[in-house]
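A.B. asks: Take a look at this one; I'll ask things after.
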Amino acid sequence: MWHQNSLMTSDKPFDVHPDDQVQAMKTSIYNHLLYTLAHDPTTALKPHWWWATCMAVRDRALAESFKMMRAHREKNVRRVNYLSLEYLMGRLLENNLRNTGLYEPAKQALEEMGQDIDTILNKEPDMGLGNGGLGRLAACFLDSLSTLDLPAVGYGIHYEFGLFRQEFVNGQQTEQPDAWTRNGNPWKFRRPEYSVEVQLFGHVTQRFDDLGNARYTWEQTKSIVGVPWDIPVIGYKSHTVNFLRLWESHASDEFNLQIFNEGSYVAAMHEKAAGETISKVLYPNDSTESGKELRLVQQYFFVACSLSDIIRRYKRDNQGWEAFPDKVAIQLNDTHPAVAIPELMRLLVDIEGLEWTHAWSICQRTFSYTNHTLLPEALETWSVVLFERILPRHLQIIYRINQQFLENEVAKKWPGDIAKMRALSIIDESGNRKVRMAHLSVIGGHATNGVAALHTRLLREKLFPEFNELYPGRFLNVTNGITPRRWLMVCNPELAALITESIGDGWTKNADKLRDLERFAVQPEFQ
């Protein structure tokens, strides 16, 4: 039996005497085996040991986070809100052990309990929340924001089936669904108290107020509910634990008992199933109209939930709207969350009653956009017909944004130049009319960045030369980096130890210091 030792508080996060840490980890792991998982060390399997170890680390991270969260709220700090349809988080246990400095205490604690840490670490499944560089960039940004003690929230979708397992059947590559949530996950916890109701479809009614101003009401909509799950993002040797908030979709009416009792069992479950479909799969096949519809609904669902959450938090600590861009920064990771721009305008104008020009100023000062592709044909567009059916009010708002942009900015810069109007318009009029989400993202924010110096230069010169001419200085470079902790300390601890032995450990938080290795490059012993 292991007994909990009281932990000393310190200005340094997780700064406890090593012997106390080992004893505390043993106690915590044992308690989670016993009271969380209903196993003792004699009956626990390897996945149970993994789960208990994760919970022991999570407990300490959350305890540390509350102090900084209170400080952030007391100071009413500005917060980064990172919107991304993907997060390729990877395995979290070893990364979090390294970031908290608990790797060696956990290793020793597990050894004293008869367990091998490498075996335990290998029991962790990947979170099915992303499948490529865009998702890994998002995960690295969240790690870095926490490490730099910058308050931030990542927003995305709680996919039931995310990454797909690749298998070969009769010599052919096939994809199988990866049900990563089937057995639960110790890093995430549900926050039903922050659920959000989202509207879709319906139609828009125009009315006039007593002053003759047009007011718009979105009516006869279908509702779905977004329920958030939070995953802590632990910084490296920092006081900050930020959160990734993922939205899971549910039907607003879980179950129609009357229809069920009448014998229509399938019909009774239809609305529930339809509501849950939205967060079912990462990137549904969009080769069909129903697939395209689901993709757009997914994008709006997570954006609407996230903006509602952002505004709830802002209103908790602030009065009025002028301070909104000073307290809220929203970064769009590619164009998947671009519908956030007309959604914020809808909320400010239709719900909060702000005058259009004031709302648009707030909107542009709040959003920034990260571009990931240089291929014009790969830039995201949506059929106007589809957009109008799913989000009729948002299409009206996009039309007004576009009209004022073309009249007030493009026409003044290039009077009578129809070619420029066509090139810069948010609405692509060639063939079937489409909404250009990249154009909306550039126009609706104050900064657009590429992810490498060359990429950003080509953005200015090749992809968006007219926008670059119209908005000099708006296109910035933010190089797509990696977290050296995961890709050196976790993946190659021997190399990380050699680097630290050679130049000190400053590189773990400041990658520029890796340049100090240049003087060792010619030394055979170092090589």
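A.B. asks: Would you check if there is a residue in segment 68-85 being in contact with a Gly (Cβ under 7 Å, 6 or more places away or on another chain), over 25 Å from K107 (Cβ atoms) and not hydrophobic (A, V, I, L, M, F, W, C)?
C.D. replies: Step one: filter segment 68-85 for residues in contact with a Gly (Cβ under 7 Å, 6 or more places away or on another chain), giving 82, 84-85.
Right, trim to over 25 Å from K107 (Cβ atoms) and you get 82, 84-85.
With the extra rule that they be not hydrophobic (A, V, I, L, M, F, W, C), the set shrinks to 82, 84.
Yes: one or more hits.
A.B. asks: Also, quick follow-up: Regarding W247, is this residue of a type outside the set (D, E), in a loop (DSSP other than H, G, I, E, B) and either under 30 Å from T357 (Cα atoms) or modelled with pLDDT of 90 or more (or both)? If you could, list the steps in order and put the result at the bottom.
C.D. replies: Details: of a type outside the set (D, E): yes; in a loop (DSSP other than H, G, I, E, B): no; either under 30 Å from T357 (Cα atoms) or modelled with pLDDT of 90 or more (or both): yes.
Considered against the rule, which asks whether it is of a type outside the set (D, E), in a loop (DSSP other than H, G, I, E, B) and either under 30 Å from T357 (Cα atoms) or modelled with pLDDT of 90 or more (or both), W247 comes out as no.
A.B. asks: Then there's this: In the list R91, R79, which residue meets the criterion of being closer than 18 Å to R485 by Cα, surrounded by fewer than 21 Cβ atoms within 10 Å (Cβ to Cβ) and in contact (Cβ under 8 Å) with a residue 12 or more places away in the chain? So that I can check it myself, show each step before the final result.
C.D. replies: Numbers: R79 fails: closer than 18 Å to R485 by Cα.
Sole residue among the options that is closer than 18 Å to R485 by Cα, surrounded by fewer than 21 Cβ atoms within 10 Å (Cβ to Cβ) and in contact (Cβ under 8 Å) with a residue 12 or more places away in the chain: R91.
A.B. asks: When you scan segment 62-130 for helices (runs of 4 or more DSSP H) that lie fully inside it, which ones turn up with 1 or more residues that are out of contact with any Pro (no Cβ under 8 Å at 6 or more places or on another chain), farther than 25 Å from I330 by Cβ and among the hydroxyl-bearing types (S, T, Y)? Steps first, please.
C.D. replies: Details: elements: 93-100, 103-112, 117-121.
So the answer is 103-112, 117-121.
A.B. asks: Residue by residue through segment 193-212, note down the ones that are of a type in the set (D, E, K, R) and modelled with pLDDT under 95. Can you show your working first?
C.D. replies: Going residue by residue through segment 193-212, those that are of a type in the set (D, E, K, R) are 193, 197, 207, 209-210.
Residues satisfying the conditions are R207, D209, D210.
A.B. asks: Yes or no: segment 225-239 includes at least one residue that is outside any strand (DSSP E or B), touching a helix residue (DSSP H, G or I) at 6+ places or on another chain (Cβ under 9 Å) and at pLDDT 95 or above.
C.D. replies: Of the residues in segment 225-239, the ones outside any strand (DSSP E or B) are 235-239.
Right, trim to touching a helix residue (DSSP H, G or I) at 6+ places or on another chain (Cβ under 9 Å) and you get 235-239.
Now narrow it down to the ones that are at pLDDT 95 or above: none.
So far as segment 225-239 goes, no, none of its residues is outside any strand (DSSP E or B), touching a helix residue (DSSP H, G or I) at 6+ places or on another chain (Cβ under 9 Å) and at pLDDT 95 or above.
A.B. asks: If you check E466 against the conditions, is it in a helix (DSSP H, G or I), of a type in the set (D, E) and touching a Phe, Trp or Tyr at 6+ places or on another chain (Cβ under 9 Å)? So that I can check it myself, show each step before the final result.
C.D. replies: Details: in a helix (DSSP H, G or I): yes; of a type in the set (D, E): yes; touching a Phe, Trp or Tyr at 6+ places or on another chain (Cβ under 9 Å): yes.
When the stated conditions are applied, E466 passes them.
A.B. asks: Quick check on segment 135-154: of everything there that is over 12 Å from the mean Cα position of the chain (by Cα) and of a type in the set (A, V, I, L, M, F, W, C), which residue is farthest from L244 (Cα to Cα)?
C.D. replies: In this case the residue turns out to be L148.
A.B. asks: Please give the number of the condition R474 fails out of (1) charged (D, E, K, R); (2) under 30 Å from E219 (Cβ atoms); (3) touching a His at 6+ places or on another chain (Cβ under 8 Å).
C.D. replies: Checking R474 against (1) charged (D, E, K, R); (2) under 30 Å from E219 (Cβ atoms); (3) touching a His at 6+ places or on another chain (Cβ under 8 Å), the one that fails is (2).
A.B. asks: Does segment 318-328 contain at least one residue that is in a helix (DSSP H, G or I) and surrounded by fewer than 17 Cβ atoms within 10 Å (Cβ to Cβ)? Don't jump to the end; show me each part of the working.
C.D. replies: Going residue by residue through segment 318-328, those that are in a helix (DSSP H, G or I) are 324-327.
If we keep only those that are surrounded by fewer than 17 Cβ atoms within 10 Å (Cβ to Cβ) too, we end up with 326-327.
Yes: one or more hits.
A.B. asks: Let me ask something else. Is there any pair with a first residue in segment 129-141 that is farther than 16 Å from G162 by Cβ and in the same structural domain as T483 (by TED's automatic domain parsing) and a second that is assigned to a loop (DSSP other than H, G, I, E, B) and of a type in the set (D, E, K, R) whose Cβ atoms are under 7 Å apart and which are 6 or more apart or on different chains, and what are they?
C.D. replies: Hits for this filter: zero, empty list.
A.B. asks: So which of V451, V410 ends up being in the same structural domain as N333 (by TED's automatic domain parsing), within 14 Å of L332 (Cβ to Cβ) and not small (G, A, S)? It would help to see each step written out before you state the result.
C.D. replies: On the way: V410 fails: within 14 Å of L332 (Cβ to Cβ).
Matching residue, one of V451, V410: V451.
A.B. asks: Scan segment 131-151 residue by residue and report those that are touching a helix residue (DSSP H, G or I) at 6+ places or on another chain (Cβ under 9 Å) and part of a loop (DSSP other than H, G, I, E, B). Even if it seems obvious, please write down each step before you answer.
C.D. replies: Taking segment 131-151 as the starting set, the residues that turn out to be touching a helix residue (DSSP H, G or I) at 6+ places or on another chain (Cβ under 9 Å) are 139-140, 143, 146-147, 149-151.
Hits for segment 131-151 are D149, L150, P151.
A.B. asks: Take the residues of segment 385-440 that are of a type in the set (D, E) and in contact with a helix residue (DSSP H, G or I) (Cβ under 7 Å, 6 or more places away or on another chain): which is surrounded by the fewest Cβ atoms within 10 Å (Cβ to Cβ)? Don't jump to the end; show me each part of the working.
C.D. replies: Start the filter on segment 385-440 by keeping residues that are of a type in the set (D, E), which leaves 388, 407, 409, 417, 428-429.
After this cut, where a residue has to be in contact with a helix residue (DSSP H, G or I) (Cβ under 7 Å, 6 or more places away or on another chain) as well, the list is 388, 409, 429.
Details: E388: 18, E409: 14, E429: 11.
If we take residues in segment 385-440 being of a type in the set (D, E) and in contact with a helix residue (DSSP H, G or I) (Cβ under 7 Å, 6 or more places away or on another chain), then E429 is surrounded by the fewest Cβ atoms within 10 Å (Cβ to Cβ).
A.B. asks: Among the residues of segment 33-49, what is the count of those that are not small (G, A, S) and not in a helix (DSSP H, G or I)?
C.D. replies: Step one: of segment 33-49, the residues not small (G, A, S) are 33-37, 39-43, 45-49.
From what's left, not in a helix (DSSP H, G or I): 37, 39-43, 45.
Residues that pass the stated criteria total 7.
The values are calculated or read from the model by the stated rules, or taken from the named source; none is laboratory data. A quick note: this is a predicted structure, and the numbers were derived from the prediction, not measured. We place every Cβ from the backbone using ideal geometry, glycine too, and count neighbours over all the protein chains shown.
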